[in-house]
Amino acid sequence: MRAAVRDRYGPPDVVELRESAKPEPADGEVLVRVRATSVNPADWYEVSGTPYFGRIAGGLRRPKSSRLGTDFAGTVEAVGKDVTQFRPGDEVFGGRSGAFAEYVTVPEDRAIVPKPAGVSFEQAAAMPIAGLTALQGLRDKGGIQAGKQVLVNGASGGVGTFAVQIAKSFGAEVTGVCSTRNVELVRSLGADHVVDYTREDFTRGGRRYDIVLDVAGSRSWSEIKRVLDLHATVVLVGAPNGHRLLGPLRHILRMRLAAVPGSRKAAFFIAKFNKADMQALGELLEAVKVKPAIDRRYELGEIADALRYVGEGHARGKVVVTI
């Protein structure tokens, strides 16, 4: 099979396609023929090896693993002993390391669930990391409920486009912040209000918010605090990668420390894969409460170009790779 790999940190050009043996499913595992995958900012960080803080887990001088990618959607080709939930021919999606490849093996009790009928492989592959981040951030960290006032700062990116739709599915009133070229996209996703940050400062507006899902990381705590309700939560998802050692963590740490005194909270988390939440995403897709916004499509042989585009930070929705 073909797989995207790299042996050192660097620009996207260090990634290359190599032939390797097709894996065999172990007991309790499912072999998936990958039809589509998607690229996330985390993939770009993993390739570049920045911020350096991330190398503690991934390998200080060289990557511990050569394989890349996590999101996948495809068809079950074979199953290992004792697998009961899936059979060959089933269409599935989920998350598993090494997904930038033609095949991937996944334990059946992990983050793999049926792909809803009527949803394309590309749409399903766009969902896992970004969708889980939006869902867990709003629900588990933000405590979202019907009627809550939610602001999504960075509403046109991968996580942001899902966050707008998921917040609406909970019955919240949603404000999306984005640039001029993305106003219509964010409005089409169901946002009740759209703020063009090139023309208006949302931290000077008259609305107050119960939850701010901050994907852009573009404002300080003192600025965001002006529009927070008394017991609001700011869920920190991302920030510009301006610091080579800490990257987005520098902004996140500053926000967390500044929020310590007072009743308003700043929460940071990293999404965790689990079957229950993957099933929840599948239900949202099936009910058409969430529809992935796909910006660009690449083929596996163009994975370096896809990584480069995502690393530039201007993707509108998701970037998918067909295999």
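The values are calculated or read from the model by the stated rules, or taken from the named source; none is laboratory data. Just so we're clear, the structure is a prediction, and the values are computed from it rather than from any experiment. Every residue, glycine as well, gets a Cβ built from its backbone with ideal geometry; the counts of neighbours run over all protein chains shown. Ligands, DNA and RNA are excluded from the accessible area calculation, which covers all protein heavy atoms including side chains. Shrake-Rupley method; radii C 1.70, N 1.55, O 1.52, S 1.80 Å.
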Efficiency of FRET from Cβ geometry, D305 and R139, R₀ 41 Å, rounded to 0.05: 0.75
R207 to D27: FRET efficiency via 1/(1 + (r/R0)^6), r the Cβ-Cβ distance, R0 51 Å, to the nearest 0.05? 0.40
With loop defined by DSSP as not H, G, I, E or B, and exposure as at most 15 other Cβ atoms within 10 Å, which is the longest segment of the chain clear of exposed trypsin sites (Lys or Arg not before Pro)? 82-198
Filtered pair list for region 75-173 (Lys only, Cα < 26 Å, 8 or more apart or interchain) has a length of 4
Which of D229, D277 is most accessible, then next, and so on - probe 1.4 Å: D229, D277
At 0.890 mPa s and 25 °C, Stokes D of the chain from Kirkwood alpha-carbon radius, µm² per second: 122
Over the heavy atoms of H231, what accessible area does a 1.4 Å probe trace out, to the nearest 10 Å²? 130
FRET efficiency (R187, V288; Cβ distance; R0 22 Å; to 0.05) is 0.80
How big is region 171-323 by Rg and Dmax over its Cα atoms, in Å? 17.2, 51
Karplus couplings for region 153-163 from phi (6.51 cos²θ - 1.76 cosθ + 1.60, θ = phi - 60°), rounded to Hz, Gly and Pro as x? 8, x, 7, 9, x, x, 5, x, 5, 6, 4
Calculate, in nm to one decimal, what S179 and L230 gain on full extension: separation in residues at 0.36 nm each, minus their alpha carbon distance. 15.6 nm
Gain in length, D13 to A57, computed as 0.36 nm per residue apart minus the alpha-carbon separation, to one decimal in nm? 13.6 nm
On a 1.4 Å probe surface of the protein chains, which of I224, I294 comes out largest in accessible area, and what is the full order? I294, I224
For region 118-233, I need the span (max minus min coordinate) of the C-alpha atoms along each principal axis, in Å, sorted largest to smallest. 43, 31, 22
Over region 1-103, calculate the relative contact order: mean separation of alpha carbon pairs under 8 Å at least 6 apart, over the residue count, as a percent. 36
